[in-house]
């Protein structure tokens with residue numbers, strides 16, 4: 001307790017002995033240098049960013065001002081998946097959502113993307129294509145073919161007409177036989 | 001006895017704090033104001049330039065532009081002067097990597113101001129009530145320096161302003177080149 005009191009006393013004395021008034025301030029001066037974003041794409045896929053698509057085994061780059069948010073659309077070829085996704089050496093695969101990866105660029109960055117053959121068949125592409133004007137990849141057909149019976153949406157009318165004809169003919173035969181028979185039991189007795 | 005001692009210490013502490021010079025910052029019209037005050041003693045407000053951004057590839061940029069001044073002086077003795085000085089580091093440093101720098105020079109009245117050396121930016125003479133501001137402070141970044149920036153990003157540098165009361169008067173005829 002005494003030590004604390006002594007320290008406080010010393011502090012108060014030092015403060016009281018401050019010889020002159022002063023005032024300080026700091027002005028921050030800043031400048032920006034464009035950041036270079038390098039995109040290193042492997043085979044069997046493509047990367048779209050900054051209005052450019054990099055397809056196949058290629059290394060390209062573009063520049064943005066620091067603080068710019070950049071989105072990369074990563075689309076593997078059919079039957080392939082993203083195997084490696086690093087940003088300046090750091091694994092960022094967890095940030096990949098529906099084929100889209102975004103980051104705010106504060107300094108030079110290098111995005112490395114590699115693809116590998118998928119072990120399980122993928123019924124749908126792993127990402128939604130962008131820009132929206134780009135051709136939309138066709139999804140694999142899921143049409144189920146029944147082993148027998150009519151198919152939904154069958155536009156052929158020949159079968160239908162033939163079936164209708166057969167049913168009508170059968171109906172006519174049955175009716176003609178019934179017309180030839182007596183209608184009541186009394187009539188049958190008289191006969 | 002302990003209680004008395006504690007009471008005396010508290011009194012001493014309070015009395016000591018009451019005469020401390022203090023500086024506080026506030027933003028006024030884009031510039032920053034720092035106030036120095038000693039109760040019942042000389043006081044003033046140091047106004048420093050607002051934070052500034054240099055345009056890409058600009059080789060010469062005025063960073064002070066009449067914005068450094070000593071305002072609202074009170075109880076300034078006639079034989080005293082308030083000097084406001086600025087100091088620079090000579091390098092812009094990348095925000096995300098302090099090892100990446102861009103060198104610059106600070107130019108005042110066509111003279112290079114060495115990094116780390118205070119140079120007077122504004123003065124107040126107590127006898128004449130004259131507040132003189134030296135306006136020409138330019139940050140000069142050569143084309144080679146711009147080109148040497150291998151890493152993109154935002155670079156910053158602090159320009160530190162200090163004001164103090166001194167008991168002598170610097171001759172205005174010196175043109176503010178007095179650096180002490």
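The values are calculated or read from the model by the stated rules, or taken from the named source; none is laboratory data. The structure displayed is predicted, hence computed values, not measured ones. Quick reminder, even Gly has a Cβ in these numbers, built from the backbone with ideal geometry, and neighbours come from all protein chains shown.
Evaluated against (1) touching a strand residue (DSSP E or B) at 6+ places or on another chain (Cβ under 9 Å); (2) surrounded by fewer than 16 Cβ atoms within 10 Å (Cβ to Cβ); (3) modelled with pLDDT under 90, residue B:137 falls short on exactly one condition, (2).
Is it the case that some residue within segment A:21-39 is over 29 Å from residue B:54 (Cβ atoms), within 10 Å of another protein chain (Cβ to nearest Cβ) and out of contact with any helix residue (DSSP H, G or I) (no Cβ under 6 Å at 6 or more places or on another chain)? Scanning segment A:21-39, I find at least one residue that is over 29 Å from residue B:54 (Cβ atoms), within 10 Å of another protein chain (Cβ to nearest Cβ) and out of contact with any helix residue (DSSP H, G or I) (no Cβ under 6 Å at 6 or more places or on another chain), so the answer is yes.
Taking the numbered list (1) within 12 Å of chain B (Cβ to nearest Cβ); (2) more than 13 Å from residue A:110 (Cα to Cα) in turn, residue A:63 passes all entries but (2).
Of everything in segment B:116-133 that is modelled with pLDDT of 85 or more and exposed (fewer than 15 other Cβ atoms within 10 Å of the Cβ), the residue that is nearest to residue A:31 (Cα to Cα) is B:116.
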